[in-house]
1. Tell me, what HN-Hα J-couplings in whole Hz come from the Karplus equation 6.51 cos²θ - 1.76 cosθ + 1.60 at θ = phi - 60° for each residue of the range 18-28, using x for Gly and Pro?
2. So if I take the centroid of the Cα atoms in the range 132-152 and the same for the range 1-63, what is the distance between those two points in Å?
3. If I stretch the segment between residue 81 and residue 17 completely, what's the gain in nm (0.36 nm per residue apart, minus their alpha carbon distance), one decimal?
4. Please go through the range 32-86 and write out the trypsin sites (Lys or Arg not before Pro) that DSSP classes as loop and that have at most 12 other C-beta atoms within 10 Å.
5. Each label point is 7 Å from the Cα along the Cα-to-Cβ direction; what then is the distance between the points at residue 36 and residue 62, in nm?
6. Which net charge results for the neighbourhood of residue 146, defined as the other residues with beta-carbon distances under 12 angstrom from its beta-carbon, given Lys and Arg at +1 and Asp and Glu at -1?
7. Using θ = phi - 60° and the Karplus curve 6.51 cos²θ - 1.76 cosθ + 1.60, what whole-Hz ³J(HN,Hα) does each residue of the range 58-70 get, with Gly and Pro shown as x?
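Every read-out reported here was derived from the displayed coordinates using simple, explicitly stated rules and does not represent laboratory data. Only a predicted model underlies this, so the values are computations on that prediction, with no experimental measurement involved. Note: ideal-geometry Cβ built from the backbone for every residue, glycine included; neighbour counts use all protein chains shown.
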Amino acid sequence: MQVEYPKAKWSEKFLVLDLLEGLKTTLRELFKPKVTIRYPEERMEPTDRFRGMFKFSYDRCIACKLCAVACPIDIIYIDVHDDMIEEGGKKKKVKVLDRYDIDVKRCMFCSLCEEACPTKPKSIWLTTKTYELATYDRNDLYFNMQELEYWDDRPQYTGLPEDTDKKQIEGQKQITGGVE
């Protein structure tokens, strides 16, 4: 049994309305003011919900390891030992945090570690508004507990001094004999 389809009309094959529908976004964006910044010198402030670089507080951490368990790709490494302290004449068993490392190069910034943290306020959080984690060495993206605790920001871009740029260019011209 053969099925016969109705023959397509010319107007159905090529419809100008489809073309105009596709250009609608382009025309709408054409007349909006453009947002352009000079990136290294000027930086845009991320939104409030932005999940940036980790910040860690050793004082708040109770060494429960829930953040490491919640991490779907196992990039949080925690070592803990038990210690006995005397408090009010009684000996009390306390967990002491020895190691808290995060391998940021594999992190997907999902914030599950932050959600799993039972302390109030959180001992780990991802709201530092830092998005500049580029580096030339992959080992620079492995942070230990001290680096996470005192994390402020990547060093600010200062730019190249004008005089050294010109001297380097002039020096190159003299070496090559003025040929570029």
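1. Along the range 18-28, the couplings run 5, 5, 5, 4, x, 8, 4, 5, 4, 5, 5 Hz.
2. Here the answer is 31 Å between Cα centres.
3. That works out to 16.1 nm of additional length.
4. Numbers: sites: 34, 38, 43, 49, 51, 55, 60, 65; in loops: 34, 38, 43, 49, 51, 60, 65.
When the trypsin sites (Lys or Arg not before Pro) of the range 32-86 are filtered for loop state and at most 12 Cβ neighbours within 10 Å, 34, 38, 49 remain.
5. Placing both labels 7 Å along Cα→Cβ, they lie 5.4 nm apart.
6. Working: positive: 99; negative: 101, 147, 149.
So the surrounding residues net to -2.
7. The phi angles translate into 5, 5, 7, 5, 9, 6, 8, 6, 5, 5, 5, 5, 6 Hz.
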